[in-house]
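Below: one structure, written as structure tokens.
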Amino acid sequence: MSLTDHSDGTAAQTDRDRDDPMVRVEGLKKHFPIYEGILQQRAGEVRAVDGVSFDIAEGETLGLVGESGSGKTTTGRSMLRLTEPTAGTVEIDGQDVVDLSDDELKKFRRNMQIVHQDPTSSLNPRHRVKSIIEAPLKIHDYGDADERLERIEELLEMVDLPREFLYRHPGQLSGGQKQRVGIARAVALNPKFVVLDEPTSALDVSVQARIVDILENIQDEYGITYLFITHDLSLLRNVADRIGVMYLGRLVEVGDVDSVFETPEHPYSRALLSAISTVSQADERAKPDRQNVEGEIPDPREKPSGCAFRSRCPYAFDACSGDEPGMYEMGEDQVARCYLHDDEYEEGPDW
Ligand code: SF4
């Protein structure tokens, strides 16, 4: 296989329009300084996100998957500048978000929103549903009181909540109902891009599917572009158009959803897939053989040299401790960061 020039992890291309993506991320980094001692001197840094690049076409969903500590949530938060990126560019609808002043950023926020993982902590318990959803409308000078109320009612209908919920407090709602309020607030201003940060993982399995349905219906109607962050790869099968797999702050595989599920080309993706539960026997047969990945994801401060996955990879061989592998093109819509796909190492382990 040939090495692509996407050594920083640029996503593979799909049949969607990639010439003018809604979201373009280039070399995004977020490093957190570590301070130690009585004088709190800087002793190093945690490279939570370490050079991530990808595009998302308009109306597309990119699923970002990885274990806790892989950097996926920090990637989403850095893109929205909820945490300031250390380096890189993030273009949303042609606007470099990283370059915006505080005032410009405040105005631009109407175009980029987030749905948080925990709906309980993301809603102010003292406010009623009406004022929670109204807050972004007021900040961005949306109409008068009557027009805002009309919009809030429309949003409640969109997330399948009855009008009488307008005057309830979050404490009177179930987890799924709270998350619907969070979604209504996030899409109130019809944003172009929404980060969905594990939007169903704090909810009962019985309500997860309904939340996903609501998100998909909203996307179909308004063409919103999603970054869907999750640790649960199985969830992305029916939700994502493309998938990015993250490990220790780097993308290790990117591809269209069918390619990643049917022919995962990175040992880490294969391990994640082999561990998911399936419902049907056909899906079970299609799963890769169980891959035993040793141990936990390493502390990002002790990232292995060479390929960061080598301390857990069942296929690791000599080359893996040298330079970090680049991204190898595995087909039209798939790239993977692994030396097993380098013709130079065809004597390496069987894949
Ligand atoms: Fe495993 Fe080596 Fe591939 Fe890394 S480069 S995933 S250690 S085989």
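The values are calculated or read from the model by the stated rules, or taken from the named source; none is laboratory data. Nothing here was measured: the structure is a model prediction, and the numbers come from that model. All Cβ positions, glycine included, derive from the backbone under ideal geometry; neighbour counts span all protein chains shown.
Just to verify a result, which residue in segment 306-351, among those that are near the ligand (Cβ under 8 Å from one of its atoms) and hydroxyl-bearing (Ser, Thr, Tyr), is nearest to residue 295 (Cα to Cα)?
315
Return the pair list, or none, for Cβ contacts closer than 7 Å from residues in segment 26-38 that are of a type in the set (Lys, Arg) to residues that are assigned to a strand (DSSP E or B), at least 6 apart or on different chains.
Close Cβ pairs (under 7 Å, with a partner that is assigned to a strand (DSSP E or B)) amount to 29/49; 29/50; 29/51; 29/87; 29/88; 30/48; 30/49.
Of the residues that make up segment 77-86, is at least one in contact with a helix residue (DSSP H, G or I) (Cβ under 6 Å, 6 or more places away or on another chain) and touching a residue at least 40 places away in the same chain (Cβ under 8 Å)?
Yes, that holds for at least one residue.
Tell me which of these residue 160 doesn't satisfy, since it passes every other one: (1) in contact with a Lys or Arg (Cβ under 8 Å, 6 or more places away or on another chain); (2) modelled with pLDDT under 95; (3) not aliphatic (A, V, I, L, M).
Against the list (1) in contact with a Lys or Arg (Cβ under 8 Å, 6 or more places away or on another chain); (2) modelled with pLDDT under 95; (3) not aliphatic (A, V, I, L, M), residue 160 comes up short only on (2).
So which pairs qualify, if the first residue must be in segment 257-270 and modelled with pLDDT of 95 or more, the second must be among the hydroxyl-bearing types (Ser, Thr, Tyr) and surrounded by fewer than 20 Cβ atoms within 10 Å (Cβ to Cβ), the Cβ gap must be under 6 Å, and the two must be at least 6 apart or on different chains?
Within 6 Å, the pairs are 267/315.
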